[in-house]
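Following: one structure in structure tokens, then a few remarks.
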Amino acid sequence: MSETTSRVPPAAQQAARRGNLIEAIRLTREQTGLGLMEAKQAVDAWLAGTTRAPLETGDVAIPLQAALALRHGRLIDAIRHTREATGLGLKDAKEAVERHLAKEPSLQAEFRAATTATWRRIAGRALLLLGLTALAAMAYVALIGNGV
């Protein structure tokens, strides 16, 4: 373990494992006296060495990358990361991710917020496309009606 990664306190490591990188950096700064950039580098370096370190979810663990994907509303990515890290089948990986999500209320809230934001963007784009299609159809009908 390098000098930089050894400076990440256990509480910050736990925060990073939960996917709360801001808290991990804050705890590292508070407990070591490092500056913002140095604390971020220390946490990043520690994470780089533990990317595949699992988070326990009962009898099956999900990797840190899967927990981070959940924070961003990416369920399929979380399942994929879990499959790659554990060798589980699709069904078992999905169940492990769902169990982890069910045990973490704050993660559930972040996951719901991220997925809601994604669906709103999709709906907005669909409405825009529908409106543009309607305008094009009205223009076509007007042109046909004028004998053009």
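Please state which of the following conditions Ala117 fails to meet, knowing it meets all the rest: (1) under 21 Å from the mean Cα position of the chain (by Cα); (2) modelled with pLDDT of 90 or more; (3) among the small types (Gly, Ala, Ser).
For Ala117, the failing item is (2).
May I ask you to list the residues in the stretch 117-148 that are among the polar types (S, T, N, Q) and either within 16 Å of Arg74 (Cβ to Cβ) or surrounded by 10 or more Cβ atoms within 10 Å (Cβ to Cβ) (or both)?
Thr118, Thr133
Of all residues in the stretch 76-116, which are open to solvent by less than 30 Å² (accessible area, probe 1.4 Å) and among the basic types (Lys, Arg)?
Across the stretch 76-116, there are no qualifying residues.
Would you point out the residue of the stretch 39-75, among those that are more than 13 Å from Leu21 (Cβ to Cβ) and at pLDDT 85 or above, that is surrounded by the most Cβ atoms within 10 Å (Cβ to Cβ)?
Ala66
Of everything in the stretch 14-33, what is crowded, with 19+ Cβ neighbours inside 10 Å and either at pLDDT 90 or above or over 18 Å from His72 (Cα atoms) (or both)? Give them in sequence order.
Ile25, Leu27, Thr28
The values are calculated or read from the model by the stated rules, or taken from the named source; none is laboratory data. Bear in mind the structure is a predicted one, so any value in this text is a computation, not a measurement. When we count neighbours, we look across all protein chains shown, and the Cβ atoms used for this are built from the backbone with ideal geometry, even at glycine. To get the accessible areas, we keep the full protein, side chains included, count just its heavy atoms, and leave off ligands, DNA and RNA. Shrake-Rupley method; radii C 1.70, N 1.55, O 1.52, S 1.80 Å.
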